[in-house]
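Visitor: Just passing along the structure, written as structure tokens.
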Amino acid sequence: MLYQIHEFQHAVMNPLAQWADAVSSLFRSTASPLAYTPFSRDLAAGADLMVRIAKDYNKPSFDIASTTVEGRFVGIEECVAGEKPFCRLLHFRKQFAADAVVAQPKLLVVAPLSGHHATLLRDTVRILLHEHDVYITDWADARMVPLAEGAFHLDDYVAYVQEFIRLLGPDVHVLAICQPTVPVLGAVSLMASAGDMQPRSMTLMGGPIDGRISPTEVNKLAMDKPYEWFEATVIDVVPFNYPGAGRRVYPGFLQHAGFIAMHPEKHMQSYLDFYENRAHGHPVDAHLKFYDEYNAVLDMAAEFYLETIKVVFQDFDLPRGTWYVNGQLVRPQDIRDVALLTVEGAQDDICGIGQTRVAHQLCSAIPDAKRGHHEEPGSGHYGIFSGRRWRENICPVVSAFIRANDR
């Protein structure tokens with residue numbers, strides 16, 4: 001019933017959003033006499049605020065058309081390098097001039113499948129493009145995947161990562177942010193155990209490798225509620241008006257509500273600031289950019305979500321050495337030739353300090369010369385892959401580590 005209630009709410013709110021958008025135009029457009037009446041800016045700002053609250057937020061695009069490499073302007077072509085039912089592998093291919101081709105390390109960015117689209121990492125990709133040949137996993141919204149495509153399990157996620165690594169070849173480096181740190185470490189561990197091809201380096205950033213360390217509110221919620229509670233309370237069925245009709249999912253709107261509930265006062269203040277800035281003619285681009293992305297969410301396949309809750313946040317199978325993927329035991333201690341960098345934010349309220357760094361203990365066979373760790377002071381969760389700290393402090397560390405191990 002949750003999905004039906006949500007769909008009904010949007011059916012009611014969408015006309016309101018359209019009406020508010022029309023009101024905003026009437027009180028803001030220079031061609032409208034109403035724009036010159038008293039309080040016109042306040043009324044337009046109020047209408048804009050209503051639009052922001054009531055509208056639907058669709059999947060954004062990356063919109064990365066160019067970058068600079070060694071001081072030269074280079075065009076970017078976004079293309080599909082691989083495609084699976086629940087994921088596309090995107091390549092940000094550089095359009096070098098014939099006399100200016102630059103060899104750059106090949107980097108697979110594994111985006112989170114935790115409620116938001118891969119475009120949440122737009123700033124991550126944009127900065128990495130200066131020095132790397134970047135690919136990224138673009139996970140599908142489960143409500144858009146027909147039932148005929150089958151289920152999507154945590155084991156499938158691991159298999160997808162392995163397949164993309166093999167596709168890109170032995171010279172690839174892998175970077176995982178938040179949720180995928182666990183399946184990426186699992187994928188590389190299994191490849192090492194099997195003597196399969198492995199990436200040159202693995203960068204794990206702000207991920208729940210061991211949620212028992214410095215548990216956050218996110219960890220506590222997953223530990224306090226039994227598995228059966230999640231299955232009975234937050235899983236719903238995609239309604240008939242989507243391609244994935246009948247698929248059991250963890251709806252994105254519930255994940256979004258959970259994100260908002262973590263800091264409701266912060267988001268309320270942000271919307272109040274938007275109204276004030278809009279009414280006084282101040283820039284609101286930063287608000288629009290952030291919330292256009294933050295409010296655009298996707299559904300996750302129920303089996304993947306529930307297995308992640310159990311394996312990662314309740315049973316801690318990876319750090320306990322009891323995680324089996326397709327019948328194979330995951331053994332990080334078998335990784336020997338893959339360089340490992342971990343990154344954490346000192347103020348991360350989603351993945352606490354130490355949860356990611358513990359990967360070094362699990363990967364005990366990696367030589368010290370091929371290890372690195374960076375803790376960013378003052379950085380929250382999003383700050384480790386987006387914004388000033390990412391651009392100025394963290395990305396240079398990541399790039400230097402990749403270059404040092406690109407042999």
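The values are calculated or read from the model by the stated rules, or taken from the named source; none is laboratory data. Source: prediction; values computed, not measured. When we count neighbours, we look across all protein chains shown, and the Cβ atoms used for this are built from the backbone with ideal geometry, even at glycine.
Visitor: Select from the range 53-62 the residues that are modelled with pLDDT of 80 or more and either of a type outside the set (G, A, S) or surrounded by 12 or more Cβ atoms within 10 Å (Cβ to Cβ) (or both) and write down the one among them that is farthest from E78 (Cα to Cα).
Guide: Looking at residues that are modelled with pLDDT of 80 or more and either of a type outside the set (G, A, S) or surrounded by 12 or more Cβ atoms within 10 Å (Cβ to Cβ) (or both), I get N58.
Visitor: Can you name the residue in the range 299-327 that is small (G, A, S) and touching a residue at least 12 places away in the same chain (Cβ under 8 Å) and is also nearest to W139 (Cα to Cα) among such residues?
Guide: The qualifying residue nearest to W139 (Cα to Cα) is A301.
Visitor: Residues being more than 14 Å from V343 (Cα to Cα) and buried (at least 24 other Cβ atoms within 10 Å of the Cβ): count how many of those fall in the range 199-209.
Guide: 1
Visitor: Given the residues V218, V188, V184, which is the only one that is of a type in the set (V, I, T), over 16 Å from L108 (Cβ atoms) and part of a helix (DSSP H, G or I)?
Guide: Testing whether each residue is of a type in the set (V, I, T), over 16 Å from L108 (Cβ atoms) and part of a helix (DSSP H, G or I) leaves just V218.
Visitor: I want to confirm something. Restricting to the range 74-116 and keeping residues that are crowded, with 16+ Cβ neighbours inside 10 Å and of a type in the set (V, I, T), which single residue is nearest to F152 (Cα to Cα)?
Guide: Checking each candidate, the answer is V110.
Visitor: Among what's in the range 7-35 and is modelled with pLDDT under 75 and closer than 14 Å to K55 by Cβ, pick the residue that is surrounded by the most Cβ atoms within 10 Å (Cβ to Cβ).
Guide: The qualifying residue surrounded by the most Cβ atoms within 10 Å (Cβ to Cβ) is A17.
Visitor: Inside the range 194-206, can you point out the residues that are touching a Leu at 6+ places or on another chain (Cβ under 8 Å) and assigned to a loop (DSSP other than H, G, I, E, B)?
Guide: Passing the criteria: D196, P199.
Visitor: Within the range 319-374, which residues are under 20 Å from the mean Cα position of the chain (by Cα) and among the charged types (D, E, K, R)?
Guide: Within the range 319-374, E344, D348, D349, R357 meet the criteria.
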